[in-house]
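Accompanying notes for the structure given below.
The values are calculated or read from the model by the stated rules, or taken from the named source; none is laboratory data. Worth saying up front: this structure is predicted, and the values here are computed from it rather than measured. Neighbour counts run over all protein chains shown; Cβ positions are idealised from the backbone, glycine included. Accessible surface areas use protein heavy atoms only, side chains included; no ligands, DNA or RNA. Shrake-Rupley method; radii C 1.70, N 1.55, O 1.52, S 1.80 Å.
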Amino acid sequence: MMELNGRPANPESLKALALTNYGHFTSMRVDDQRVRGLALHLERLERDCRAVFDAQLDTDRVREYVRRAVNGQDGSFVVRVSVFDPALDMGHPSSPATPHILVTTRPTGPMPLPPLRVKTVPYVRDLPAVKHLGLFGALHARRAAQLSGFDDALFAGPDGLVSEGGTWNVGFIDADGAVVWPKGEVLPGVTMALLQQHHAHTTSPVPLDEARAMRAAFATNTSIGVRAIAAIDDTALSAEHPVLASLRDAYLSLPGDPV
């Protein structure tokens, strides 16, 4: 389904997404009519709307539109909420904005997914703290990694520190079995936040050579949950570390919130 402000979207109303592509979004996995971290998704939309449009977003209205999208759908799928202004003029992005809410759904698969092999790519997303629509750089890095025989890209900044993946946060398990999240400018992921609330961890800078020396690593976002990383470049990592199973169980045990 695809609805704009609660009504079927038409091509004219979506033209700004194709031609200007300025806005922000969140994606949430729905399992049996429930969403893990629903409040965090709504907080993200509200926070990013202020950052992108300097406007207040009515999250009650967003939730009502999401409720319409999931009504009557069983099983698991992903709902994406995109916020943009169809009237935005590319020449005057500073004009007062009237954010519109686009809600779409797409299928998703069962968890857990098979392990990833990732290639490090020098890249830093624009405005990393915002989940914005500008995905060209991330997808170009993913494409380059896949053309090199890997599954996805792992970003490292000019300082040599690992940050995040193409569309996911990354975490590590060190020699002592501790969960380590990279410290730096990364997207504050909802799934990452939930795991941090329910599993002991530390946050510290992770240089690339230290990342390769970790016992295990994992990618995480709303669609994949906790997905093991089997290799960083040519360095193999354990995809069966017991802490990975603990993290996965902790996430899957969260009941989620009714939409």
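Tabulated data
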{"item": "Members of the range 242-259 that are in contact (Cβ under 8 Å) with a residue 60 or more places away in the chain, part of a helix (DSSP H, G or I) and of a type in the set (A, V, I, L, M)", "result": "Val243, Leu244, Leu247, Leu252"}
{"item": "Checklist (1) under 22 Å from Thr222 (Cβ atoms); (2) open to solvent by 60 Å² or more (accessible area, probe 1.4 Å); (3) assigned to a loop (DSSP other than H, G, I, E, B) applied to Arg67, failing item", "result": "(3)"}
{"item": "Set Val83, Val79: member being open to solvent by less than 80 Å² (accessible area, probe 1.4 Å), over 22 Å from Ile224 (Cα atoms), touching a strand residue (DSSP E or B) at 6+ places or on another chain (Cβ under 8 Å) and not in a helix (DSSP H, G or I)", "result": "Val83"}
{"item": "In the range 128-175, the residues that are in a loop (DSSP other than H, G, I, E, B) and under 17 Å from the mean Cα position of the chain (by Cα)", "result": "Pro128, Ala129, Val130, Lys131, Leu133, Gly134, Leu135, Asp151, Gly166, Thr167, Trp168"}
{"item": "Residue in the range 224-238 that is in a helix (DSSP H, G or I) and open to solvent by 30 Å² or more (accessible area, probe 1.4 Å) present", "result": "no"}
{"item": "Hits in the range 88-116 (condition: over 30 Å from Ala239 (Cα atoms) and either open to solvent by 40 Å² or more (accessible area, probe 1.4 Å) or out of contact with any strand residue (DSSP E or B) (no Cβ under 7 Å at 6 or more places or on another chain) (or both))", "result": "Leu88, Asp89, Met90, Gly91, His92, Pro93, Ser94, Ser95, Pro96, Ala97, Thr98, His100"}
{"item": "Residue check for Thr203: of a type in the set (Ser, Thr, Tyr), more than 22 Å from Met111 (Cβ to Cβ) and either modelled with pLDDT of 95 or more or open to solvent by less than 30 Å² (accessible area, probe 1.4 Å) (or both)", "result": "yes"}
{"item": "Residue in the range 55-63 that is of a type in the set (Lys, Arg) and closer than 20 Å to Gly225 by Cα present", "result": "no"}
{"item": "Single condition Thr191 does not satisfy, out of (1) of a type in the set (Val, Ile, Thr); (2) out of contact with any helix residue (DSSP H, G or I) (no Cβ under 6 Å at 6 or more places or on another chain); (3) surrounded by fewer than 16 Cβ atoms within 10 Å (Cβ to Cβ)", "result": "(3)"}
